[in-house]
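These notes are about the structure you will find just below.
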Amino acid sequence: MKHKLFATFLLCAFGLALIPPVQADSPGKSAQTARKVKKATAGKDKATSAPTSQLALHPVPVYTDYSGLNANMRKINATYRNREFRAYKPINELSRQLKIASYSSFENPTGIAFETGDTISIMMEGSPRTKVEFIIRDFRDPGAETRHPLTSGQNTITAAHFGHGYVNYRDSDPDTAPPIRLKITGGRINGLFTHHDDAAVWKKLLANAKSDWLDIMGTRTQWVLDTAALRKSCPEKGPELVKLYDEQMTLEQQLLGWEWEGIHPGNHIMGRSNWNTGTYMHADGLGGSYVITATDGIVNVDEARRTGAWGTSHEFGHVNQTRPGMMWAGTTETTVNIFSQVVNYTFNPEEVRLEHENCPTLDGPWVRGGRFDAYVNSALVNRELWQFQRGPDDGNRQPGERCGDCFVILCPMWQLYLYNTVARGNELFYPRIFKNVRDTDESQWKTGEIRMKYLDRCCDAAQLNFSSFFLETGMLAVMNRYVNDYGSRWVTITEDMCAASLEHASQYPEPDTPVLFYITANNVGIYRDKLAITPSPDFTPTPSKEALPRFTVPADKWANAVAFEVYNAEGRLIRICLRGLNQKDNSSTDVFLPAGAADVMAVSWDGKRYLIYTTSKDKKVDAQPDACQGPGTSTVKKKAPESKKSSSKKKKKKSSRK
Ligand SMILES: [Zn+2]
């Protein structure tokens, strides 16, 4: 759909441009946290202490074997032209079964290129149960594709246009589908790089390739990539390139739970350079599409890993989005980024999109960590509904109109990953949710029902009652709104639906933290290790003289604070600043003081608050926790708030007062 593609690459362009550079290490940084987390996760939980992660219980099936293809480079003319091919699951069947979009339409690349008018002779041996086609495809703009049915025995084809050859052999049961062998004459060898090959093979193939693209086969990913970009930006690291994207896809597919459940099809997801420079990055019926001007960035292995490989994991993520249960109205550009965020966090925890991107806050300044800053202030201070919370990507939208910032919408979904998977070591949290989506017939469900089911699924997957978190973050609320997405819809959530959600969640115990909504990559280690705040009553913050005054709290002052809350003289929460806000590492946190700021509280992972700054002569900063009615404190009502515009929000705000 045109509209879909357009919006998709708009977002992707914005995303890549704003990823900031890597920052130097320093105490308390997220990299250390991540390393610790990995260790702790491995040894902590019975479920994760097994030699093999449950995420990888079942190996990915391998069909066509590429292991000997480039073993002897002097003989590739023979090996490429006389090969065995295996069947892969039909694309549509796979999409239906796994509730995803389309995996590769070009499994079984031959690595042979054909010119217009070439006579191609193909001898097919074997007895396939299904129709086999020889595809000649030109991936350049405007592109061309012809499909030629093959029969056992001799086949002769005249190439109608330039393109590479691919063997389309599909069978619902690839395990038992008979292999076929093709002996191909005609055309010229362009090369096919595989995950079995080393750098020497890579360099030879790059040197000899005549086409504008090179075919590449990983274990999970398949690529058609601009040869010029490969020569320029990846002249030597072919093996690392394949490994990078296989790792990326391992993270995505294991998050989906395919190998835990044992349903990985062995099909490849396809990424390709796109020669149409009127496009950017997007996902379409073939997989991930990346404009050739962006290919340099994709194939520069070190750069891609450093930036968290967001663009590719995002577009592949669109293919993997499991629908409709994990892709309902308003979340097309949100749930896709569960994948990107996990990939980004794993590749480079010091530069994570949600936590570390520089972007504007709701009150003006550009800060590092602006996405999360928008989320906590829209959700917890302004009490906006989830999916309508404002953020840097809102443009001129108003709260309640259309949809909120798609990255802000992602924040609580990411927080549930951080808490369950990183802090608690439950690696099956999201896999269980995806499995339940696959196992449930949601075809007749309305958007509101699907959205509410996500909340149930989170509680089921964690065996915890997250309703306080859902209430505080605006995820659980009565609503009747028009959601703008690719195809807009009304979303209705009634009081009865909210009551049913609360009832469902109540079968489980509460999480061990009442302030789950403050968890980020910058403080997840504090939640995991349950680190108490170390009071620093002697620390005297000095607000700056800027239009929006601020002071900076070093990490060793009020150590282990997960967030800072700013209240006015009436005790109303007016701003939240998460640990590490606007700092390159977790060495300190900027605390902003909007007009009327009177008290600042440091918040501990267990919900304790400490007064660290006050303009009141009647109050004193000391080492004792202070009474406070901030978000998540005891009086959270197990009743869904009304969402209807400001009047109900005001009511809710009052209930959150100090
Ligand atoms: Zn997108």
Fill in: Residues E93, E449, E247 arranged by fewest to most Cβ contacts within 10 Å
E93, E449, E247
Worksheet item: Mind checking Rg over Rh on the stretch 253-372, alpha carbons, Kirkwood formula for Rh?
Response: 0.99
Item to complete: Please name whichever of P149, N484, S53 sits farthest to the positive end of the charge dipole of the chain, dipole taken about the Cα centre and charges placed at Cβ: Lys and Arg +1, Asp and Glu -1.
Response: N484
Practice prompt. With runs of 4+ DSSP H residues as the only contributors, calculate the mean residue ellipticity of the chain at 222 nm using -39,500 (n - 2.57) per run, divided by the residue total and rounded to the nearest 500.
Written response: -9000 deg cm²/dmol
Fill in: Two-site label geometry, A623 and M123: point separation in nm, points 7 Å out along Cα→Cβ
8.8 nm
Worksheet item: To the nearest Å, what is the center-to-center distance of the stretch 154-189 and the stretch 570-611, using C-alpha atoms only?
Response: 63 Å
Worksheet item: How far is helix 2-18 tilted, in degrees, relative to the longest principal axis of the Cα atoms in the chain, given as a value from 0 to 90 rounded to the nearest 10?
Response: 60 degrees
Worksheet entry | Two-site label geometry, T440 and N484: point separation in nm, points 7 Å out along Cα→Cβ | 2.9 nm
Discussion item. Cut-off under 12 Å on the C-alpha distance; same-chain residues fewer than 8 positions from K183 excluded. Which aspartates and glutamates are left, in chain and number order?
Written reply: E84, E125
Item to complete: Using θ = phi - 60° and the Karplus relation 6.51 cos²θ - 1.76 cosθ + 1.60, list the HN-Hα couplings for the stretch 378-393 in order, rounded to whole Hz, with x at every Gly or Pro.
Response: 5, 7, 9, 8, 7, 6, 7, 5, 4, 6, 10, 6, 6, x, x, 8
Worksheet, complete the sentence: Taking the alpha-carbon centre of each part, the distance from the stretch 466-530 to the stretch 196-222 in Å is 46 Å
Practice prompt. Rounded to the nearest Å, what's the spacing between the alpha carbon centres of the stretch 292-337 and the stretch 122-143? Just the number, please.
Written response: 29 Å
Fill in: Under 13 Å from the Cα of K210 - aspartates and glutamates, other chains or at least 8 residues apart
E115, D226
Item to complete: Anything over 21 Å Cα to Cα? Flag those among K89/K446; K75/K237; K99/K453, in the order listed.
Response: K89/K446; K75/K237
Discussion item. Under a Cβ-only charge scheme (Lys and Arg +1, Asp and Glu -1), can you give me the dipole magnitude of the chain about the Cα centre, in debye to the nearest 20?
Written reply: 980 debye
Worksheet, complete the sentence: Sorted by chain and number, the residues with a modelled amide H under 5 Å from that of N274, at a separation of 5 or more or across chains, are Y290, V291, I292
Worksheet item: Using the 10 angstrom Cβ neighbour count as an exposure proxy, how do I269, I533, I91 rank, fewest first?
Response: I91, I533, I269
Discussion item. If packing is taken as the average count of other Cβ atoms within 10 Å, what order do 323-333, 80-90 fall into, highest mean first?
Written reply: 323-333, 80-90
Response to the item:
Taking R0 as 22 Å and r as the Cβ-Cβ distance between A228 and R188, the FRET efficiency 1/(1 + (r/R0)^6), rounded to the nearest 0.05, comes to 0.75
Worksheet item: What nm value, rounded to one decimal, do you get for the distance between L548 and M73 when each label is placed 7 Å out toward the C-beta?
Response: 5.6 nm
Worksheet item: Based on the Cα atoms of the chain, what semi-axes does the equivalent ellipsoid have, where each is the square root of 5 times one gyration tensor eigenvalue, given in whole Å with the largest first?
Response: 50, 25, 22
Worksheet, complete the sentence: Ranking N274, W258, V352 by how far each Cα lies towards the positive end of the charge dipole of the stretch 238-382 (+1 on Lys and Arg Cβ, -1 on Asp and Glu Cβ), the top one is N274
Practice prompt. Please list, in chain and number order, the residues 5+ apart from N155 or on another chain whose amide H is under 5 Å from its amide H, with Hs placed from the backbone.
Written response: I122, M123, M124
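Throughout, read-outs are computed from the coordinates displayed, never taken from laboratory work. A quick note: this is a predicted structure, and the numbers were derived from the prediction, not measured. Here the Cβ is made from the backbone with ideal geometry for all residues, glycine too, and neighbour counts use every protein chain on show.
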